[in-house]
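Okay, so here's the structure we're looking at.
Read-outs: derived from the displayed coordinates by stated rules, not from any lab. Keep in mind that what you see is a predicted model, and the values were worked out from it rather than measured.
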Amino acid sequence: MALPFGLFVSLLNMVPYPQTVAVIPAVMLAGLRAVEGDSSFTVSVILALAVMGIVPLIQDSLITPHIVGQSVGLKPAAILLGVCVWGKLLGLLWLVLAMPLTCLGIACYRLFVPPLSSPSPALHPESAAHNPQSPAPPTNTSAFARTSW
């Protein structure tokens, strides 16, 4: 019974948050095991609820955004914001496309919105004269240059 249940939870894990549906079968299996064995029913159910509550919480709020953020190049806050926004706009089934849509939106933003830079010395010659060690303007003008999200 553990293998089909693990496969069921892993399929639900492809989209963030619906794996909480697996609490019902987990409690039922814990109850059956307690009745079948020599353990307490309430202790088994409480342990199953604790595991099914704490593990997804840690996974969805800490581990997954960190790993996805490293692979995509976004900060975990941007990932959680993207998942929340796309989930609210398009619904539960579209959460699978939340990260690609977020990355597409950020790529379009980087393509069409010029990066903020310091004022050029030609426009403000007095600031360049007072600060001879002012940093040189950025040389990378690529639309996909890394910015801090």
Extension gain (nm, one decimal) between residue 113 and residue 85, 0.36 nm per residue minus Cα-Cα = 8.0 nm
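Quick check: from the Cα gyration tensor, does the stretch 20-106 come out rounded (a/c under 1.5), prolate or oblate?
Numbers: a/c = 4.40, a/b = 2.63, b/c = 1.68.
Taking the square roots of the gyration eigenvalues as a ≥ b ≥ c, the stretch 20-106 is prolate.
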